[in-house]
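Engineer: Next up is a structure, given as structure tokens.
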Amino acid sequence: MLEVPELAAQLSGAEASARAAQEQIRRAEGDVQRAKSTHAAAHSGYARLKEAADSHAGLVAQQEVDDSQAKDLEAEGQVSAAEASLSAARQQLEVAEATRKQVAAMSDYTRIVAPFAGVITDRTADTGALVAAGTSESTQAIPVVRLAQTSVLRLVLPVPESVSANIRVGEPMAVHVQALNSDFPGKVARFADALNEQTRTMETEIDVQNAQNKLLPGMYAEAKIALDQQKNALNIPVEAVIQSEDGPEALVVNAQNVVELRHVKLGYQGSTRVVVLAGLQEGERVILGNPGNVAAGQRVVAKDQTVPASSDSQGAQ
């Protein structure tokens, strides 16, 4: 709770103004009722005199009729004036209430309420300390406390452009924390749905449950997400792929030990191997390393090289 004497005085003054405006409305309502009663009596007296003067000529003096009419009109004018005063009092109450609500809203900021359950990780003010107002950019205001929600931690990942289209909200993800040597389950909570123009990555947020408070904010973590699973997928080492203007290609050694240039259609690419969707068959041999040493149509002596294959997949040699 922050103590702001000036703001408390403004709030007291605004509440007093609102109460005074309410009292003014009650007085104005009483004046309207009295003015209407006076006008009703004056109008009735004038109506009777007018009726008597019209029915019996000379029974009532014309001066008396005129005086009664003037009183009637005067009472009617007092009613209008009282109603105008009542309207002005109501408008004054609206102004006072608006001022009171504005000051009350500012006063509510003196009570610090956490938006969620968590742990205070930093406190920059003690009891009795002067706290600068943070309503202006020119002030060097700092937070009073910093609160961390540790029951659920948020992991922000830069997902590469090549796999950004496969990200879906709710997708499970395994998070490994090296400091604890433990794995924690997580889910994709949200993503930017746009790429960073400089890094060509998309920010993706992963929510990791931390009910036992084992994880601490700021820890480094590694995340693995299953983008696509293909049983017995044909794949080759990434060193066998040649990127050309016509698209990805691979040099293949056929059964006659002659080099062929094949256009291939690639799928998901990992750190060491890439899935081939079309252009190669299982068991065909591809050339690794520097493709500049050989050319299509050249006869070569093939030497098989053992390259570890991905799990649950088949590979070209």
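Engineer: Being part of a helix (DSSP H, G or I), open to solvent by less than 100 Å² (accessible area, probe 1.4 Å) and basic (K, R) narrows it down to one of R34, R100, R48, so name that one.
Structural biologist: Numbers: R34 fails: open to solvent by less than 100 Å² (accessible area, probe 1.4 Å); R48 fails: open to solvent by less than 100 Å² (accessible area, probe 1.4 Å).
Testing whether each residue is part of a helix (DSSP H, G or I), open to solvent by less than 100 Å² (accessible area, probe 1.4 Å) and basic (K, R) leaves just R100.
Engineer: Continuing with the same structure: When you scan the stretch 42-50, do you find a residue that is touching a Leu at 6+ places or on another chain (Cβ under 7 Å) and touching a residue at least 12 places away in the same chain (Cβ under 8 Å), even just one?
Structural biologist: Checking the stretch 42-50: not a single residue is touching a Leu at 6+ places or on another chain (Cβ under 7 Å) and touching a residue at least 12 places away in the same chain (Cβ under 8 Å).
Engineer: Consider Q69 carefully, then state whether it is open to solvent by 90 Å² or more (accessible area, probe 1.4 Å) and either within 30 Å of A104 (Cα to Cα) or not hydroxyl-bearing (S, T, Y) (or both).
Structural biologist: When the stated conditions are applied, Q69 does not pass them.
Engineer: Next question, about the same structure. Of everything in the stretch 168-195, what is open to solvent by less than 70 Å² (accessible area, probe 1.4 Å) and either in contact with a Gly (Cβ under 8 Å, 6 or more places away or on another chain) or in contact (Cβ under 8 Å) with a residue 60 or more places away in the chain (or both)? Give them in sequence order.
Structural biologist: Matches in the stretch 168-195: M173, A174, V175, V188.
Engineer: In the stretch 179-195, what residues are over 23 Å from the mean Cα position of the chain (by Cα) and assigned to a loop (DSSP other than H, G, I, E, B)?
Structural biologist: Within the stretch 179-195, A179, L180, N181 meet the criteria.
Engineer: Of everything in the stretch 154-178 that's among the aliphatic types (A, V, I, L, M), outside any strand (DSSP E or B) and touching a strand residue (DSSP E or B) at 6+ places or on another chain (Cβ under 6 Å), which residue is farthest from V275 (Cα to Cα)?
Structural biologist: Restricting to residues being among the aliphatic types (A, V, I, L, M), outside any strand (DSSP E or B) and touching a strand residue (DSSP E or B) at 6+ places or on another chain (Cβ under 6 Å), the top hit is V169.
Engineer: A further question on this structure: Based on this model, can you work out whether Q63 counts as of a type outside the set (D, E) and without any contact (Cβ under 8 Å) to a residue 12 or more places away in the chain?
Structural biologist: It is true that Q63 is of a type outside the set (D, E) and without any contact (Cβ under 8 Å) to a residue 12 or more places away in the chain.
Engineer: Quick one: count up the residues across the stretch 51-63 that are outside any helix (DSSP H, G or I) and surrounded by 11 or more Cβ atoms within 10 Å (Cβ to Cβ).
Structural biologist: Here the count works out to 2.
Engineer: Name every residue in the stretch 278-287 that is touching a residue at least 24 places away in the same chain (Cβ under 8 Å) and at negative phi, in order of residue number.
Structural biologist: Answer for the stretch 278-287, where residues must be touching a residue at least 24 places away in the same chain (Cβ under 8 Å) and at negative phi: L280, Q281, E282, E284, R285, V286, I287.
The values are calculated or read from the model by the stated rules, or taken from the named source; none is laboratory data. Quick caveat: nothing in here was measured; it's all calculated off a predicted structure. Quick reminder, even Gly has a Cβ in these numbers, built from the backbone with ideal geometry, and neighbours come from all protein chains shown. Heads up: the accessible areas ignore ligands, DNA and RNA and are worked out on the full protein's heavy atoms, side chains in. Shrake-Rupley method; radii C 1.70, N 1.55, O 1.52, S 1.80 Å.
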